[in-house]
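Read the figures in this text as sums done on the coordinates, not as results from a lab. Predicted model, so just to flag it, every value in this text is computed and none were measured. Here the Cβ positions follow ideal geometry from the backbone for every residue, glycine too, while neighbour counts run over all protein chains shown.
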Amino acid sequence: MAGQIDRFRKSVIEYAEAIKAESFEDYVSKVSNLVTALKTYAVMESPGLIVENPKESYKNRNEVEHWLQSQINEILACGRFEYSDNRLIEKAYRYLAENITDAEINLNSIADRFSVSNSHLSRLFKKQVGRNYVEIVSDIRLALMLELLNTTNLKDRDIGEKIGIYDPHYLSIWFKKVTGLSPSMYRKRY
């Protein structure tokens, strides 16, 4: 998590540096808006966090930068930018389920999205869910496919597209491997 915190701190400081050339009033306004947005986001997880604007009495950029640093520290202290293992897996699992049809989704892309290493995410999936990434993907696809087989008259290739398997032949092989039945046999039986 230290890397994630460092990246957050660095990106906020880089933004503040990028707007330094603006007038003092615009600079204070933009820094204030940034902190307010970050704190508003963070307050969802930490209701005790107070959202405040910079004091009108700041006379120079150094005073505003000092205030910005204190606000960054307060936001980081609330823990909003760190995920507990359970929360990370919950969010990663939900993200995977919502994006299962994306041909580009994989363990690396999910790990990147949540700023963790793919090996850490893989270990957490196994620890928290009791299944590895490939098994989780298969579980999500199977649940979705069974729902579609039971509730629609979609062709197998159309179902495959909805669950992220774009090769109808592979879909049939995969489904038979995990259920013992072909998709058409499943429809007839159930």
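Structural remarks
- Put a plus charge on the Cβ of each Lys and Arg, a minus charge on the Cβ of each Asp and Glu, and nothing anywhere else: the dipole of region 112-171 about its Cα centre is then about 320 debye.
- Förster-model FRET efficiency, 41 Å R0, SER23 and ALA97, C-beta, rounded to 0.05: 0.30
- In summary, the lysines within cross-link reach of LYS155, defined as a Cα separation below 24 angstrom excluding same-chain residues under 8 places away, comprise LYS176, LYS177, LYS188.
- Protection proxy ranking of 89-96, 183-190 - average other beta-carbon atoms within 10 Å, highest first: 89-96, 183-190
- Set of lysines near LYS59 by C-alpha distance (under 25 Å), chain-local residues within fewer than 8 positions excluded: LYS10, LYS20, LYS30, LYS39
- Cα-projected label distance for ARG189 with GLU14, points at 7 Å along beta-carbon direction, nm: 5.4 nm
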